[in-house]
Each structure stands twice: as C-alpha cells, then as structure tokens.
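Please read the structure below before turning to the comments.
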Amino acid sequence: LHVRDCTGHGVPGAMMSILAINMVKEAHQKLPMGQPHQILEQMDVLLAEALRSGEYNYASDGMDIIIVHIDKSNHQLQFAGAHKGLIISRDNEFIELKGTRRPLGLPDEKNKKSFETTTFALQRGDLIYTYTDGYVDQFGGPNEKKLKQKGLQEVLLRIAHLEASEQKERIHLFFEEWKGNLEQIDDIVTGK
C-alpha cells in the first residue's frame, strides 16, 4: 500500500503523479523484498534521475509518500514515510506513526535524513488511516481556519466504529460541510 501527494497542480502535478506510479513499480522491481525505507531511498534516486534528465523539467520537484507493508501472518505493519505519517485507531484511541521529515526529491544532499522503517504490532480490530494534507490544510468551519491534524483525528475517532463505506461517506460529508463555500485548496486522498 502506498499513498502519495505530489507537489504541483495541473499538468505538472499530473506528470509528477504519473512519474510516482512508475517509480513505485520500478523501486519494487529492483527491491522486491525491500523494506519500506529502502523502497523510498530507491524512489528518491529514481526521482533525482528523472528530474535531472530534463524529461520532467516542468514538473515540481518533490512528493510526500508513505509505503506500508502488512504481514498478516505475523500481524505486523512496516511503514516508512517521506514527510507523511499514518494513524492507527485502536480501542477509541489513536496511535500516530510519523514518517521522516523529508520529502522525496530534496536537492540538498547534506541535509537529507535517512528514511527509516517503523515496525508496529497490529491487533485485531485496528484501523489504519492514511491521507494527504488536503484535509488538514483545508480552511473552513465557523472561523474559516485550517482543520489541522487534531481536527481530522477528532472526526476519525467519532466514525471509527462504522463500516468502511459509511466512514468514507461521513468523511466526505464532513469535508464538504467544513469547507462550506470556501474554495478547496488541494487534492484529498484517504486510504483505510
């Protein structure tokens, strides 16, 4: 599983998204048994090569992405994030797993942090939420402020007991009510 958020809008953003799809496939082909952090490191190399080639010189220069591997036999989740994290809902509480504060495509080599894989023991009934910043950065509500991470978590906590299809509908309805007549500022993606 992966969820990504590419910088840029319109044609540049679309081209970066296509590039990201191909990079995920290529990284997995080169490292079929690779840990999530190794996949991200490989994708970073592939992105740098693509951007240097000039083929995507009009595209923005980065993306936020998470890679999640779930081993159902051992009930383990392995996760690595490039400037993205995920939330696990368990017994009416949230456990937040943070990614590395580094997007893919960062040109400053000396300030790059290494990506890390986090291993987490899953329990029956855990829900895993991934999403882009389109939700948390959206302005809305009575004071026309950003929803922020805490606001999104409160919404997810209220609906975590529902079936997946009902959660999807409730999130959509909440988002539309939250933004009201304000312009949507970014794409939104969720995974569960």
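Search the stretch 16-37 for residues that are within 15 Å of V68 (Cβ to Cβ) and part of a helix (DSSP H, G or I) and pair each with any residue that is of a type in the set (G, A, S) and open to solvent by less than 50 Å² (accessible area, probe 1.4 Å) when their beta-carbon atoms are under 8 Å apart and the residues are at least 6 apart or on different chains.
A27/G34; H28/G34; P36/A80; H37/A80
Listed here are the residues, each with its yes/no results for (1) in contact with a His (Cβ under 8 Å, 6 or more places away or on another chain); (2) assigned to a loop (DSSP other than H, G, I, E, B); (3) closer than 22 Å to Q35 by Cα.
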position: N74; (1), (2), (3): no, yes, yes
position: T119; (1), (2), (3): no, no, yes
position: T130; (1), (2), (3): no, no, yes
position: G134; (1), (2), (3): no, no, no
position: F174; (1), (2), (3): no, no, no
position: W178; (1), (2), (3): no, no, no
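Consider only pairs whose beta carbons are under 8 Å apart and that are at least six residues apart or on different chains; among these, list those whose first residue lies in the stretch 172-191 and is of a type outside the set (S, T, N, Q) and surrounded by 13 or more Cβ atoms within 10 Å (Cβ to Cβ) and whose second residue is in a loop (DSSP other than H, G, I, E, B) and modelled with pLDDT under 75.
That search, which allows pairs on different chains as well, returns F175/I188; G191/L1.
The values are calculated or read from the model by the stated rules, or taken from the named source; none is laboratory data. Here the structure is a predicted model, which means the values were calculated and not measured. All Cβ positions, even for glycine, are placed from backbone atoms using ideal geometry, and neighbour counts span all protein chains on display. Heavy atoms of the whole protein, side chains included, go into the accessibility calculation; ligands, DNA and RNA do not. Shrake-Rupley method; radii C 1.70, N 1.55, O 1.52, S 1.80 Å.
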